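Chemist: Below are the structure tokens for one structure; questions will follow.
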Amino acid sequence: MFRLQDSKVLAVDMTGDAVKAKNGSMVAYDGQVAFKKLSGGGEGLRGMVTRRLTGEQMTVMEVKGHGTCWFADRASEINLVALQGDKLYVESSNLLATDAGLRTGTTFTGLRGASQGNGLFTTTVEGHGQAAIMSDGPAVVLRVTPQYPLTVDPGAYVAHQGNLRQSFQAGVTFRTFIGEGGGEAFQIRFEGDGLVYIQPSERNTIAGDV
């Protein structure tokens, strides 16, 4: 159902089912397709209220019908993630689309979200199906194992999945070495077994400094 037209355009072949996508990301379509804007981006009223309280903004639209739709957003690189009953944690600004078999919500993440101005919550996607996530430049997928934990700059973090535990390490950030640090710095540490998606170009944030 989901396929990459190229690295920056997602094509979705519709057969009567529904797809949720980032509002305004549809760039072309053919066939008989209807669009509906969904406020909040979470599941139901609770998701809407949670997002408004925490500042985790994700305005989505529902696309339904028969035909093909193409989605893109600011020439971002797109990666497809297949979920088999597991959960994907992703920054709301990096989530492009999810198919009908997946549910979206919010979860508490703590300090990282606060530093990026996204509130204290991040977006969750779970169920069986495909999700399309975006990155500034080609995403790098790094495996975390119990023997090899991973430390990530918060500005480069995109998403993660698997049996991973997050913690926050205060101290020197990668940016401190190039003179962009200021304040109390931190990084995200992942331990366990799973995958972490990072982007080669850091988003414009407070750079892990609070």
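The values are calculated or read from the model by the stated rules, or taken from the named source; none is laboratory data. Remember, it's a predicted structure, so these values are computed and weren't measured experimentally. Methodologically, a virtual Cβ is constructed for each residue, glycine included, from the backbone with ideal geometry; neighbour enumeration extends over all protein chains shown. When the accessible area is computed, the model is the full protein with side chains, heavy atoms only, and any ligands, DNA or RNA have been set aside. Shrake-Rupley method; radii C 1.70, N 1.55, O 1.52, S 1.80 Å.
Chemist: Quick check on region 84-119: of everything there that is modelled with pLDDT of 95 or more and in contact with a Leu (Cβ under 8 Å, 6 or more places away or on another chain), which residue is nearest to residue 198 (Cα to Cα)?
Modeler: Among them, the one singled out is 96.
Chemist: State whether one or more residues within region 17-36 are at pLDDT 85 or above, more than 22 Å from residue 199 (Cα to Cα) and aromatic (Phe, Trp, Tyr).
Modeler: yes
Chemist: Looking only at region 39-56, filter to residues that are closer than 22 Å to residue 134 by Cβ and open to solvent by 40 Å² or more (accessible area, probe 1.4 Å); which one of those is modelled with the highest pLDDT?
Modeler: Across region 39-56, the extreme among qualifying residues is 39.
Chemist: What residue, among those in region 25-41 that are touching a residue at least 40 places away in the same chain (Cβ under 8 Å) and among the small types (Gly, Ala, Ser), is nearest to residue 78 (Cα to Cα)?
Modeler: Among those residues, the one meeting the criterion is 25.
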